[in-house]
Amino acid sequence: MLSTLLSKAVQKAQELPEAIQDELAAQFIEDIENEIKWQETLSKPQDSLILKELAQKAIADSENGQTEEMGFDEL
């Protein structure tokens, strides 16, 4: 069963030309697959020591000016 918002999005998409619908669908499928992978990653046990070391390195890099601010689209 679709949520109300998802149902509304599908209805809106149906008003668009088929080529654009296909582009939206492909992007949506990719987003869903990425979300599934992300959820799988989060559900796996993590080695907290490794994560702590990575966090400390990221903070040190930032403090030393070795990082660059970016948006998600620039990654």
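The values are calculated or read from the model by the stated rules, or taken from the named source; none is laboratory data. Note that the structure is a prediction, hence the values are computed from the model and not measured. Note that each Cβ is placed from the backbone with ideal geometry, even for glycine, and that neighbours are counted across all protein chains shown. Protein only, heavy atoms only, side chains kept; ligands, DNA and RNA dropped before computing areas. Shrake-Rupley method; radii C 1.70, N 1.55, O 1.52, S 1.80 Å.
Observations
- Taking N as its residue count, the alpha carbon Rg of the chain over 2.2 N^0.38 Å: 1.70
- Of the solvent-accessible surface of the chain, computed with a 1.4 Å probe and all protein chains present, 57% belongs to carbon and sulfur.
- Helical content alone sets the calculated 222 nm signal of the chain at -23500 deg cm²/dmol, taking -39,500 (n - 2.57) per DSSP H segment of four or more residues and averaging over every residue.
- The order of 28, 72 by accessible area, most exposed first and with a 1.4 Å probe, is 72, 28.
- Residue 64/residue 28 FRET efficiency (R0 35 Å; Cβ-Cβ; nearest 0.05): 0.30
- Heavy atoms of the protein chains alone define the surface here; on that basis the chain has 97 Å² accessible area per residue at 1.4 Å probe size.
- Eligible lysines near residue 52 by straight Cα distance, threshold 24 Å, same-chain separation 8 or greater: 37, 44
- Of the GluC sites (Glu not before Pro) found in the chain, the ones in coil according to DSSP and having at most 11 other Cβ atoms within 10 Å of their Cβ are 15, 68, 69.
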